[in-house]
Amino acid sequence: MVSLNSSNWTRLSLAIAAGVTLVSGTVSCKKSETPAKDAVTPAAAATPVAPAAAATGEAPAEVRKMLGRWLRSDGTYVLELRSADRSGVVQAGYFNPKSINVSRAIWMRSAEGLQVVVELNDVGYPGATYVLSHDVKNDTLVGKYNQPQMGQSFDVDFVRQAKQP
């Protein structure tokens, strides 16, 4: 059973607006301050957690495999997934090439499997969202980019960038 207060509704509406169907689980919330332009703001998600991850506060291993710096294959857009925890919080950055404000980022289990949802909120990007799944075999992130200001949605994929020394 998911308990929904006003804060939870906001997070759930992000997932629904992004076209994600949530599977059973609980919604947890963390209150966030209004971020500075270059700040990264976490958000919470609905997802059951493996017992080992719950004990340590870490996200499950499959979520941690999605962390890293990703380059969109059709341009200079970079998505950086820095960290994640068991509650669904993801620390993320987005660059084109300058920093674009990430208003929230979450990971969750959906009918399509494990996904990360990143919402942008900046000039030219109001409410734009990525809904991405990790293709482990090819080590890519694949999914949709939704641009509500333009009323458009695009299939996108990101390739992992090599770690810099």
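The values are calculated or read from the model by the stated rules, or taken from the named source; none is laboratory data. Not measured: the values here are computed from a predicted model. Neighbour counts run over all protein chains shown; Cβ positions are idealised from the backbone, glycine included.
Details
- Counting only residues that are assigned to a helix (DSSP H, G or I) and either at pLDDT below 95 or closer than 21 Å to residue 111 by Cβ (or both), the stretch 62-87 holds 2 of them.
- Being closer than 27 Å to residue 153 by Cα and either surrounded by fewer than 19 Cβ atoms within 10 Å (Cβ to Cβ) or modelled with pLDDT of 95 or more (or both) is a property that residue 90 has.
- Going through (1) buried (at least 18 other Cβ atoms within 10 Å of the Cβ); (2) assigned to a strand (DSSP E or B); (3) aromatic (Phe, Trp, Tyr) one by one, residue 125 falls short only on (2).
- The stretch 142-156 - residue that is under 15 Å from the mean Cα position of the chain (by Cα) and surrounded by fewer than 24 Cβ atoms within 10 Å (Cβ to Cβ) and, of those, nearest to residue 83 (Cα to Cα): 142
- Number of positions in the stretch 99-123 that are over 17 Å from residue 144 (Cα atoms) and among the charged types (D, E, K, R): 1
- Of the listed requirements (1) touching a residue at least 24 places away in the same chain (Cβ under 8 Å); (2) under 19 Å from residue 104 (Cβ atoms); (3) not aromatic (Phe, Trp, Tyr), residue 128 misses just one: (1).
- Pairs meeting the criteria (first residue in the stretch 60-75 and free of Cβ contacts under 8 Å to residues at least 60 places away in the same chain and closer than 28 Å to residue 86 by Cβ, second residue of a type in the set (A, V, I, L, M) and in a loop (DSSP other than H, G, I, E, B), beta carbons under 9 Å, at least 6 apart or on different chains) are 60/49; 60/50; 61/50; 67/59.
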